[in-house]
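Each remark here refers to the structure printed beneath this line.
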């Protein structure tokens, strides 16, 4: 994996962006969270400790660090539920049989889609791009399909009103 602070270039230099600092921070935060969670898959250190090392080494600004910490915390705190969702939505891809990078991409994307303030369409687009970059076309399709289905199911569940009972 390339160093997250170098990947993707600077969005801040592009004209016409409404909030370039926020976009840049979120993109870098995603890459730092992904790198930390992926490294933690090898079991040597906790994702939080790895992330803190990446933040210090990369000299991340505070908005980037906050975003990355929130993503890592969401994935760690909700990992069992996230894995259940992957198994339910994509039963042909058991979590334990996925490549470490693909598993980390899915967990991270689901963590952001379900447990952050990021609009789902934005989160899906960002994680699909990360999947394409770090794992390839099959992973891009898998991440897009799983995140899209989870988003649709989540929205459908939120929109269903309870049946009125006797009063």
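The values are calculated or read from the model by the stated rules, or taken from the named source; none is laboratory data. These numbers were taken from a predicted model, which means no experiment stands behind them. Every residue, glycine among them, receives a Cβ derived from its backbone with ideal geometry; neighbour counts consider all protein chains shown.
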Residues satisfying the stated conditions in the range 30-60, i.e. touching a helix residue (DSSP H, G or I) at 6+ places or on another chain (Cβ under 7 Å), farther than 24 Å from residue 96 by Cα and outside any helix (DSSP H, G or I): 60
Any hit, the range 135-145, residues being farther than 23 Å from residue 22 by Cα and touching a residue at least 60 places away in the same chain (Cβ under 8 Å): no
Of the criteria (1) modelled with pLDDT of 90 or more; (2) surrounded by 13 or more Cβ atoms within 10 Å (Cβ to Cβ), which one residue 154 fails: (1)
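Yes/no per residue for (1) in contact with a strand residue (DSSP E or B) (Cβ under 6 Å, 6 or more places away or on another chain); (2) over 23 Å from residue 144 (Cβ atoms); (3) touching a residue at least 40 places away in the same chain (Cβ under 8 Å); (4) surrounded by 21 or more Cβ atoms within 10 Å (Cβ to Cβ):
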residue: 34; (1), (2), (3), (4): no, no, yes, yes
residue: 38; (1), (2), (3), (4): no, no, yes, no
residue: 46; (1), (2), (3), (4): no, yes, no, no
residue: 53; (1), (2), (3), (4): no, yes, no, no
residue: 61; (1), (2), (3), (4): no, yes, no, no
residue: 77; (1), (2), (3), (4): no, yes, no, no
Yes/no for residue 84 being more than 25 Å from residue 152 (Cβ to Cβ) and in a helix (DSSP H, G or I): no
Any chance residue 73 is surrounded by fewer than 19 Cβ atoms within 10 Å (Cβ to Cβ), under 27 Å from residue 149 (Cα atoms), at pLDDT 95 or above and touching a helix residue (DSSP H, G or I) at 6+ places or on another chain (Cβ under 8 Å): yes
